[in-house]
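The values are calculated or read from the model by the stated rules, or taken from the named source; none is laboratory data. Keep in mind that what you see is a predicted model, and the values were worked out from it rather than measured. Positions of Cβ are backbone-derived with ideal geometry, glycine not excepted, and every protein chain shown enters the neighbour counts.
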């Protein structure tokens, strides 16, 4: 007899984490590995944020907080959303969780009944389908167009009576593409006409180079009422380990999310919440240099990677999604690691089998090595 649930057996290990682990093992054995797998800023959390957190500990702010998060943080999030995104929310419509990933999981637990469908545009962040499945839902995959964006005609064919939500991710992981206002308006029209929810993952909103970020919820009150905005401090402020994400939604959704969170993790770390409060209040000045460095790295890769490699133009986040003449992604990642000591993530886990993802959240020295080795592989094989 198996002690494990069917939902546990559905899960596959994260390819990103397993490849990162293998790359670290190879490096520990003495090999000069260039690791381009993990979606985590290589910068340290700004010192001012750390000092504020230390003061929080010394002040004794180390107890449980209310389920939705401390009010001053939720108020700061409301101020940020209004000032930067044109979105008016009240603190009771905000729920702070243990990272944006936890926020997403809470949402799916809150809205999905067994058999409900969630439309997930391809290519997708690897955890979306797993989360939907774990919460009893059915992932329904939507094709992409020639710009690697949602094929709206395909969405229309995928919506059924069981469709509960659509996921929108801009800037995108794994492609780095950014949706324009006209494209978002088209998606909003579909959401409104079919009365489904839009789960808008905006965690990379500040890591953007060529365009401005537009939150779908800002287009009208009608789409705002059908949208759950997901964001956090992990990427923007290099605070991945602090584990603070949040949602903004109409009150009835926020209340259910808080109820579920109250019976699982209670609330996020009090200390991390205070640190996130400081980060959000201080804003741009804490991360402007980091964004400039990401742009510099992206421009270097675009200029120096072999012209034989194809990819959607990355306008945000810190990823590139590369195609090597349609070579199978698992084979390609394996060969790049074993032959050229460059660790990448196969596109299969993102729903596209002939691409690989690289992250340029690493220093320029590593990127120069990576380009040299990747171009060498291309010269030998393409």
Within the stretch 108-118, is there a residue that is within 25 Å of residue 239 (Cα to Cα) and either in contact with a strand residue (DSSP E or B) (Cβ under 9 Å, 6 or more places away or on another chain) or in a loop (DSSP other than H, G, I, E, B) (or both)? yes
Lone unmet requirement of (1) farther than 18 Å from residue 85 by Cβ; (2) at pLDDT below 95 for residue 211: (1)
Quick one: residue 100 ticks every box in (1) in contact with a helix residue (DSSP H, G or I) (Cβ under 9 Å, 6 or more places away or on another chain); (2) surrounded by 16 or more Cβ atoms within 10 Å (Cβ to Cβ) bar one, so which box is it? (1)
Checking residue 330 against (1) over 29 Å from residue 97 (Cα atoms); (2) buried (at least 18 other Cβ atoms within 10 Å of the Cβ), the condition it does not meet: (2)
Residues satisfying the stated conditions in the stretch 349-371, i.e. modelled with pLDDT under 95 and within 17 Å of the chain's Cα centre (by Cα): 349
Please state which one of 40, 67, 92, 82 is assigned by TED's automatic domain parsing to the domain that holds residue 322 and surrounded by 12 or more Cβ atoms within 10 Å (Cβ to Cβ). 40
Need the failing condition index for residue 298 against (1) within 23 Å of residue 92 (Cβ to Cβ); (2) part of a helix (DSSP H, G or I), just the number. (1)
Is there any pair linking a residue in the stretch 15-34 that is over 14 Å from residue 333 (Cα atoms) to one that is surrounded by 11 or more Cβ atoms within 10 Å (Cβ to Cβ), with Cβ under 7 Å and at least six apart or on different chains, and which? 26/33; 27/33; 31/341; 32/341
In this structure, does residue 130 turn out to be in contact (Cβ under 8 Å) with a residue 60 or more places away in the chain, out of contact with any helix residue (DSSP H, G or I) (no Cβ under 8 Å at 6 or more places or on another chain) and under 30 Å from residue 355 (Cβ atoms)? no
For the list (1) in a loop (DSSP other than H, G, I, E, B); (2) within 21 Å of residue 35 (Cα to Cα), I need the number of the one condition that residue 303 fails. (1)
